[in-house]
Amino acid sequence: DVKVTQSSRYLVKRTGEKVFLECVQDMDHENMFWYRQDPGLGLRLIYFSYDVKMKEKGDIPEGYSVSREKKERFSLILESASTNQTSMYLCASSYKTGTSLSSYNSPLHFGNGTRLTVT
Amino acid sequence: AQKVTQAQTEISVVEKEDVTLDCVYETRDTTYYLFWYKQPPSGELVFLIRRNSFDEQNEISGRYSWNFQKSTSSFNFTITASQVVDSAVYFCALSAIMMDSSYKLIFGSGTRLLVRP
């Protein structure tokens, strides 16, 4: 079974802190994603990556950055945490079927989330 | 515009009732994929099914069934004889290639299903 592991289940940080959310997958998936989940808004894509050292902005990248130095690890960075970044953060991975563009049919495998509270 | 609408925010049923979760999508693409995911209280979204736009056959897996109708742009999910363990938030999602050749997975806002004993 694919396992996507997020380093923290709950996190409480202060406004202005730099926050790192770590995600590791063990199935050699090329694609990795960071979403945030808020009530009534569903899941919104922050950033994604198709390969090592490669990153693409999603729908709501402002205030976030990412790092993918190794294939299995995808980190989400909040440069200066703000209260409106209080949310559930979900990491996901998927396999690449042919070119990256054709990976849109691959199911995502999710971690169990990090609930971040910024005070 | 690409969009997924799950109009039912929350549904509550008694165990053993059948329940249908609605999903309506919008896309101009002819090639796309639809997905359902389940998010139990533990938080981890679990993939349930994928359907491509060229396959309108309905699918049944145990107590779960899916009805895909392109004519109404709907991909509804029915749970027969619901059980308490079915309590979760269910997300419908659409994956399609955008004009710039990137792809995008668009989630609905989710339907929270509560199955009472």
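The values are calculated or read from the model by the stated rules, or taken from the named source; none is laboratory data. The structure displayed is predicted, hence computed values, not measured ones. With ideal geometry, Cβ positions are generated from the backbone for all residues, glycine too; neighbour counts draw on all protein chains shown.
Within the stretch B:1-22, being within 12 Å of chain A (Cβ to nearest Cβ) and either more than 16 Å from residue B:86 (Cβ to Cβ) or in contact with a Cys (Cβ under 6 Å, 6 or more places away or on another chain) (or both) holds for B:2, B:3, B:4, B:5, B:6, B:9.
The number of residues in the stretch A:48-62 that are in contact (Cβ under 8 Å) with a residue 12 or more places away in the chain and acidic (Asp, Glu) comes to 2. Total residues in the stretch A:1-26 satisfying the condition of being charged (D, E, K, R), exposed (fewer than 14 other Cβ atoms within 10 Å of the Cβ) and not in a loop (DSSP other than H, G, I, E, B): the figure is 0. None of B:82, B:95, B:71, B:109 is closer than 24 Å to residue A:104 by Cα and over 15 Å from the mean Cα position of the chain (by Cα) except B:71. Is it fair to say residue B:56 is within 24 Å of residue A:44 (Cα to Cα), surrounded by fewer than 14 Cβ atoms within 10 Å (Cβ to Cβ) and not aliphatic (A, V, I, L, M)? Here the answer is no, as residue B:56 does not meet what is asked.
Condition check ((1) at pLDDT 95 or above; (2) more than 30 Å from residue B:8 (Cβ to Cβ); (3) of a type in the set (Ser, Thr, Tyr)) across all residues:
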| position | (1), (2), (3) |
| --- | --- |
| A:7 | no, yes, yes |
| A:18 | yes, yes, no |
| A:36 | yes, no, no |
| A:40 | no, no, no |
| A:106 | no, no, yes |
| A:115 | yes, no, no |
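Against the test of being away from chain A (no Cβ under 14 Å) and of a type outside the set (S, T, N, Q), the options B:44, B:59 yield a single qualifying residue, B:59.
Within the stretch B:91-113, if we keep just the residues that are crowded, with 21+ Cβ neighbours inside 10 Å and of a type in the set (Val, Ile, Thr), the residue that is modelled with the lowest pLDDT turns out to be B:106.
In the stretch B:65-100, of all residues being within 18 Å of residue B:26 (Cα to Cα) and touching a helix residue (DSSP H, G or I) at 6+ places or on another chain (Cβ under 9 Å), the one that is nearest to the other protein chains (Cβ to nearest Cβ) corresponds to B:95. Please specify each residue of the stretch A:57-89 satisfying the condition of being surrounded by 14 or more Cβ atoms within 10 Å (Cβ to Cβ) and assigned to a helix (DSSP H, G or I). Across the stretch A:57-89, the qualifying residue is only A:85.
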